[in-house]
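I have placed the structure first, in the form of structure tokens, so that the comments after it can refer back to it.
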Amino acid sequence: MPREPEGTKQEAERIFAVFKAAGGIEFDADILQPAGIQLDLYGEDIRSRAFVLNDPERGELVLRPDFTVPISSFHLSDCADSRRYVYAGRVFRRQIGAVPRPDEYLQVGFEDLGRRDRALADAEAFALVFEALDGFEFRSTTGDIGILKEAVEGLDTTPRRKNALLRHIWRPNRFQGLLEQFSDDGILPALDRLVRKVKKIPVAELAKSGGPAAGERTVAEIEARIEALAADAAAPPLEKEQVKVLEAIVRQRGASPIALESMRKLERDLPGIKPALDRMEDRLCRLEQCGIAVDALEFDARFGRTMLEYYDGFVFGFRSPTDFSLPLAASGGRYDALTRIIGKGREIPAVGAIVRPAVLREQASSG
């Protein structure tokens, strides 16, 4: 694997100093983390790239893939006020791609937990990374997973269909496939005919007879799945106008104020998106107050949909404007829903960001 570019450690120290000067508690997480909570919370992308170990005494462990979960777990168990944590350390993820990259690399970041003014916290997180990248050429992109989530939740359809779409927001191809399936007048009758045939199969009797079986599903799970498919087949297709609105949201790309104005026109057909758009408008005002030129700030509704699955609101990233072989030099976003899972029902506001100093050094050397 390639070595880290010269100056990576010094770059990390510089960025860490910027983050710490903005106010924050230094945090260090063990390199070996409990695998269960880590892999359950990070989503498919990191699960497939994690380094998992087995310890006779401590059970299944994972080499630290990130700092967000251990910091959030510590905060939720230790304090009730708002805090910002800053950190610098190595993370471990198998790298996938045509260009060889290290499976172990330095990451510098911060997590801002418990601040009730979400718009201000989001704006300051973006502005702080913007400051840390001063002197580098970059292209910044923002998105908002929350708009798409609220659009799905506002659809006039069954809870099961909404949950299926929400579960696959981070897998755009699967999401689009489900959207087409749920809105196709031809697929649903065919599904209904298939379910009618399947329901005639005596699953329980076959299981008792000791016949051949595949997989590990129980009889109860198989029967529940059949009933769920039957309910889905009986439900009417999604309203075409709502599907058009959802697809229009996914296509939004351009200057943030223009994208916001465009999505405002979609509220009439899908009013459930209004709260998310209000939050976006508030955030843009706060970004302006932080000195960010929002008229030139790109918004792309697709951005963040292949990133970490715990992001559920504002997301952003910075990358080289010329060398597209490089990964994101910095990224971040809001992850309130993750804290609800870690806190076992107790949710707090949470936003964070990371910078990869080695990518900055690569960019500088290639520029």
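The values are calculated or read from the model by the stated rules, or taken from the named source; none is laboratory data. This is a predicted model, so every value here is computed, not measured. So basically every Cβ, Gly included, is an ideal-geometry build from the backbone, and we count neighbours across all protein chains shown. Just the protein is used for accessible areas: all its heavy atoms, side chains included, with ligands, DNA and RNA removed. Shrake-Rupley method; radii C 1.70, N 1.55, O 1.52, S 1.80 Å.
Within region 26-155, all pairs of alpha-carbon atoms sorted by distance into 5 Å bins from zero give the percentages 2, 8, 14, 16, 20, 19, 13, 6, 3, 0.
Rounded, prolate or oblate: which fits region 59-126 when a ≥ b ≥ c are the square roots of the eigenvalues of the alpha-carbon gyration tensor, with rounded for a/c under 1.5 and prolate only if a/b beats b/c? In terms of gyration-tensor shape, oblate.
With a Förster radius of 45 Å applied to the beta-carbon distance between D278 and Q95, the computed FRET efficiency rounds to 0.70.
A Förster radius of 22 Å, combined with the Cβ-Cβ distance separating S366 from R3, puts the computed FRET efficiency at roughly 0.90.
Each label point was placed 7 Å from the Cα along the Cα-to-Cβ direction; for D81 and A235 their separation is 4.6 nm. Compared with the direct C-alpha span, the chain from R253 to V52 gains 68.5 nm at full extension, assuming 0.36 nm per residue.
Protein-only accessible surface at a 1.4 angstrom probe places the residues I342, I147 in the order I342, I147, largest first. Compared with the direct C-alpha span, the chain from K344 to R116 gains 80.1 nm at full extension, assuming 0.36 nm per residue.
For a paramagnetic label modelled on R139 (point 7 Å from Cα along Cα→Cβ), amide N atoms under 16 Å away belong, within region 279-317, to 296-304, 316-317. Across region 54-160, the mean sequence separation of Cα contacts (distance under 8 Å, 6 or more residues apart), normalised by length, yields a relative contact order of 20 percent. A Förster radius of 41 Å combined with the Cβ-Cβ distance from S325 to I31 puts the calculated FRET efficiency at roughly 0.90. Stretched out straight at 0.36 nm per residue, the stretch from Q10 to E267 would grow longer than its current Cα-Cα span by 87.7 nm.
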